[in-house]
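Asker: Quick one: the structure is below, questions incoming.
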Amino acid sequence: MIRKPEQYSRSGFRWKREAEMTPGGHILIVDDEASLRQMMARVLQRAGYEVTTAANGKDGLALVSEQLFDLLYLDIRMPDMNGLEVLKTVHTKFPDLPVVLFTAQPDLHSALEALRRGATDYLLKPLKPQTVIDRTQAILASKQEERHKRELQRKIETLQAELSSLQSPKGESAGSKDQQSLAADDRFLKRGLLTLDLLARRVTMAERAVSLPTASFDYLVVLARHAPQVVDYQTLVSEAQGYETDTREAQELSRWHIHHIRQVIEPDTRNPIYVINVRGTGYRLAMN
């Protein structure tokens, strides 16, 4: 039997969900630790979000199937059904739903597996309230920005088609080329053999399309924009994920995403030639 989900008002008390969602978005927190669920719910409610919580993976999946959510926070280590199993199902059925996993026992294998299965991010316990707020704002802002970009792209394509129909063949050809050139300049970021499509969020390496999770793509974009300069750990996390953290946590977060990037662009991950680690400082992309 599915437990009745816990939902909180801005004052922290449980409430019955109304039909209208708050402007900030609707967030689901799935964790078997009651104190953490309640802490995160209070923090996010005070920041203006609607929050629903579940105590286990099965209840969380049931809620995702029944309601609309903008973001899912998910603990990796839970009894019965762990977070990676929940993530796999969620990503298959709801690929556009951002999922952030967190754990008190980090290891590279679980982090890479989470990213491989479609996680947006991977955080370490104990979770700091400001980190939760910053990460939530960054993810939802990015989601809104991507939606806005797609809408603008559709409008641009519609206007270009209308303009082409009004132009003479000669004018159409010149205008179309100019517009396409401008769109390409804004849309694509190129460094050597690497091409990043900032609109479609696709990676091409040596004319071969490769797949990266959303958060890892953002890390690669930061490295490419700064290439060939070194990007320190904290700057990398700040620009890629939108929040500040200490050096140790920034180094750990960066390491997981860099490992994933190397898996898809390096000929030999044991001897990287493109993404270089400057020990104790950060990383640089050796392309220009």
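Asker: Just list whichever of 125/155; 88/125; 88/143; 58/128; 58/190 have alpha carbons separated by over 32 Å in the model shown. Write down the numbers at each step before the final one.
Answerer: On the way: 125/155 43 Å; 88/125 22 Å; 88/143 20 Å; 58/128 26 Å; 58/190 43 Å.
From 125/155; 88/125; 88/143; 58/128; 58/190, over 32 Å: 125/155; 58/190.
Asker: Return, ordered by residue number, the residues of the stretch 53-75 whose backbone nitrogen is under 13 Å from a label point located 7 Å along Cα→Cβ of residue 93.
Answerer: Under cut-off, by backbone N: 57-69.
Asker: If DNA, RNA and ligands are ignored and the probe is 1.4 Å, what is the ranking of 33, 66, 252 by accessible area, most exposed first?
Answerer: On the way: 33 85, 66 130, 252 50 Å².
Putting 33, 66, 252 in descending order of accessible area: 66, 33, 252.
Asker: A follow-up question, please. Quick check: with the 1.4 Å probe, what order do 274, 219 take by accessible area, largest first? Please report the intermediate quantities before stating the final value.
Answerer: On the way: 274 40, 219 0 Å².
These residues rank, largest area first, as 274, 219.
Asker: Quick one: accessible surface of residue 225, probe radius 1.4 Å, all protein chains present, in square angstrom to the nearest 10.
Answerer: Residue 225 has an accessible surface of roughly 150 Å² with all protein chains in place.
Asker: What whole-number distance in Å separates the alpha-carbon centres of the stretch 238-278 and the stretch 64-114?
Answerer: Result: 21 Å between the Cα centres.
Asker: Working out 0.36 nm times the residue gap between residue 39 and residue 286, then minus their Cα-Cα distance, what length gain in nm do you get to one decimal? Please list the in-between numbers first.
Answerer: Details: separation 247, 0.36 × 247 = 88.92 nm, distance 4.26 nm.
Result: 84.7 nm gained on full extension.
Asker: I would also like to ask the following. Hey, rough spin-label estimate for residue 67 and residue 82, points 7 angstrom out along Cα→Cβ, what's it come to in nanometres?
Answerer: 2.7
Asker: Under a point spin-label approximation (7 Å from Cα along Cα-to-Cβ), what is the residue 155-residue 197 distance to one decimal in nm?
Answerer: About 2.2 nm separates the two model spin labels.
Asker: Roughly what would the spin-label model give for residue 187 and residue 244, points 7 Å off Cα along C-beta, in nm?
Answerer: 3.7
Asker: If you don't mind, there's one more thing I want to ask. For residue 43, what accessible area in Å² do you get when you roll a 1.4 Å probe over the heavy atoms of the protein chains, rounding to the nearest 10?
Answerer: 20
Asker: So how exposed is residue 265, as accessible area in Å² (1.4 Å probe, rounded to 10)?
Answerer: About 10 Å², rounded to the nearest 10.
Asker: Top to bottom by accessible area (1.4 Å), largest first, where do 245, 92 land?
Answerer: Values: 245 20, 92 105 Å².
So, going from the largest accessible area down, we get 92, 245.
The values are calculated or read from the model by the stated rules, or taken from the named source; none is laboratory data. Just so it is clear, the structure is predicted and the values come from calculations on it, not from any experiment. We place every Cβ from the backbone using ideal geometry, glycine too, and count neighbours over all the protein chains shown. All accessible areas refer to the heavy atoms of the entire protein, side chains included, with ligands and DNA or RNA removed. Shrake-Rupley method; radii C 1.70, N 1.55, O 1.52, S 1.80 Å.
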